[in-house]
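Bear in mind that the values in this text are calculations on the coordinates, not laboratory data. Only a predicted model underlies this, so the values are computations on that prediction, with no experimental measurement involved. We place every Cβ from the backbone using ideal geometry, glycine too, and count neighbours over all the protein chains shown.
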Amino acid sequence: NAGVTQTPKFQVLKTGQSMTLQCAQDMNHEYMSWYRQDPGMGLRLIHYSVGAGITDQGEVPNGYNVSRSTTEDFPLRLLSAAPSQTSVYFCASRHRPNSNQPQHFGDGTRLSIL
Amino acid sequence: DAKTTQPNSMESNEEEPVHLPCNHSTISGTDYIHWYRQLPSQGPEYVIHGLTSNVNNRMASLAIAEDRKSSTLILHRATLRDAAVYYCILPRGGGADGLTFGKGTHLIIQP
């Protein structure tokens, strides 16, 4: 009963390095999304996807790339990490796009950029 | 984006009911009200959602005001495991998908 799985759980990068945060779900959900959470704040939407081959920007997309080649996976790429991207990153999935169905969240990736 | 207003923190005693308020005066007519909670070092967890009438599930009840400008999440008998940050959330709106999270209410449960 895996649900939404994020890897790695922790990562430290140097400024300018690139990295891919992985997200996989085994619930056959069409909709997947990435959020970031800064200390003491709520979550902010980075990018989302309503199905394989389709992605769109959220509130804070700058500095991040995504792709959706399969239903199961939705990786988030940082091409050139900056200290401002130090945050906790959460991936979420939902059964149908543009609906009010509950979202299922992973346990997060804690990312520090030095 | 529609916004919500919640108290920063609330405190309650174990095994007593808890009422968590939320104001959302700019809610649109088709926006569902969602509640999620986040335990320490975990991702958000869905609690409940509703549109107009009151809703119940195994975790909680959601009471929605008749004018839909406010709602209240009710935990009928709080336990120590209910200590978390509770988010009252509206959709981003304007045709954009996703949810808009505020800072939420930090619920403290005293034994």
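Here are the numbers:
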| item | result |
| --- | --- |
| Distant alpha-carbon pairs in chain A (separation over 19 angstrom), percent | 39 percent |
| Rounded D (µm²/s) - chain B, Kirkwood Rh over Cα pairs, Stokes-Einstein at 10 °C, 1.306 mPa s | 113 µm²/s |
| The range B:64-111 - Rg (one decimal) and Dmax (whole number), Cα, Å | 13.9, 44 |
| Simple Cβ-charge dipole of chain B, Lys/Arg +1 and Asp/Glu -1, about Cα centre, in debye nearest 20 | 160 debye |
| Kirkwood Rh, angstrom, the protein assembly as shown [1 / mean 1/r, Cα pairs] | 18.1 Å |
| Nearest-20 debye value, the range A:1-76 charge dipole, Cβ charges on Lys, Arg, Asp, Glu | 320 debye |
